[in-house]
Amino acid sequence: MPELPEVETSLRDLEPLLRERTVAAAQVTWQRTIATPMLDEFLARIVGQRFVGFTRRGKYMIFQMEGGDYLIVHLRMTGRLSVEAGDAAADAHTHVLLTLDDGNTLHFRDPRKFGRMWLVQNPSTVVGALGPEVWDRSFSVAALAKMLAGRKAPIKALLLDQRIAAGIGNIYADEVLFAARIHPARSAGSLRPAEVKRVHAAIRDLLARAVERGGSSLGGASTNYRRPVGSEGITGGFQDEHQVFRRTGQPCPRCGGPIERMVVAQRSTHFCPHCQPYA
Ligand SMILES: [Zn+2]
């Protein structure tokens, strides 16, 4: 699933292709992709609107349209946006097509069909419950410590909770905890102040470096994510810097011992038991 670095990279790649473009025509072939409003209203309202603003909240892309609406997109498991030349054919996985006034087309492809789009006047109706952005001043060490205090849930589960810090998913939660040398199953409330500080620093550092490398692409042909460049897309580069994620049995880059896998918060979790001791 695309996480903060992949969504941020997608948005930056799309912006020069969409900025000031007007939607000339719209076509939706999988109705449930449109979360709100009803399909007829979505089609009627989106046509004629121009892309003027590009922001991200957590794993959501927010396109501000000139007509006063916001087009919000969540890629979920396998969603991908791409801008392609006008004659590029839609395939079986293209569920939304927006024809632009320059003749290009914005495709939303999503083999697993969990991705969603909203067209709303007020973005907070969709993203209002999210916690702080990780680079926001409000996401301080003290604020993180306060959110973790007294919590019995594993620290890994709370890193995945979008109300704590918006945008972290399974890849970066594992990498953050390895960098901070914290066992993923430790209860969040048990972290000492120095440990909370290490988690906070690792979140900001890792996500920034992942954005610089264009995010993480995993899994070969059926990848979780490709950057929206050209019809085929291109891979990100941060997967080459993963220390533990999906490296079960391989040597830990820090101590050389084998990386292990366990299930925490119902999610596959990768860690080094030597560098991230439980006690
Ligand atoms: Zn190790």
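Tabulated data for the structure shown
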{"item": "Residues of the range 86-105 satisfying the condition of being assigned to a loop (DSSP other than H, G, I, E, B) and free of Cβ contacts under 8 Å to residues at least 60 places away in the same chain", "result": "GLY86, ASP87, ALA89, ASP91, ALA92, HIS93, GLY103"}
{"item": "Count of residues meeting criterion [in contact (Cβ under 8 Å) with a residue 40 or more places away in the chain, surrounded by fewer than 14 Cβ atoms within 10 Å (Cβ to Cβ) and away from the ligand (no atom under 12 Å from the Cβ)] in the range 261-278", "result": "2"}
{"item": "Residue satisfying all of: in the range 220-246; of a type in the set (Gly, Ala, Ser) and at positive phi; farthest from the ligand (Cβ to nearest atom) among these", "result": "GLY230"}
{"item": "GLY249, sole failed condition from (1) away from the ligand (no atom under 15 Å from the Cβ); (2) free of Cβ contacts under 8 Å to residues at least 12 places away in the same chain; (3) not in a strand (DSSP E or B)", "result": "(1)"}
{"item": "Residues located in the range 245-274, provided they are out of contact with any Ser or Thr (no Cβ under 9 Å at 6 or more places or on another chain) and closer than 18 Å to LEU206 by Cα", "result": "ARG247, CYS252, PRO253, ARG254, THR269, PHE271, CYS272"}
{"item": "Candidates ALA35, ALA44, filtered to the one that is surrounded by 14 or more Cβ atoms within 10 Å (Cβ to Cβ) and among the small types (Gly, Ala, Ser)", "result": "ALA35"}
{"item": "Selection count, the range 136-163, where residues are assigned to a loop (DSSP other than H, G, I, E, B) and within 15 Å of the chain's Cα centre (by Cα)", "result": "3"}
{"item": "Filter result for ALA201 (of a type in the set (A, V, I, L, M, F, W, C), exposed (fewer than 15 other Cβ atoms within 10 Å of the Cβ) and not in a loop (DSSP other than H, G, I, E, B))", "result": "yes"}
{"item": "Top-ranked residue of the range 227-279 - restricted to ones that are small (Gly, Ala, Ser) and in contact with a Pro (Cβ under 9 Å, 6 or more places away or on another chain), ranked as farthest from SER190 (Cα to Cα)", "result": "GLY236"}
{"item": "Within the range 106-134, tally of residues that are in a loop (DSSP other than H, G, I, E, B), touching a residue at least 40 places away in the same chain (Cβ under 8 Å) and basic (Lys, Arg)", "result": "1"}
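Laboratory data are not the source of any read-out in this text; all were calculated from the coordinates shown. These figures come from a predicted structure and were not determined experimentally. Positions of Cβ are generated from backbone atoms using ideal geometry, with glycine treated the same way; all protein chains shown enter the neighbour counts.
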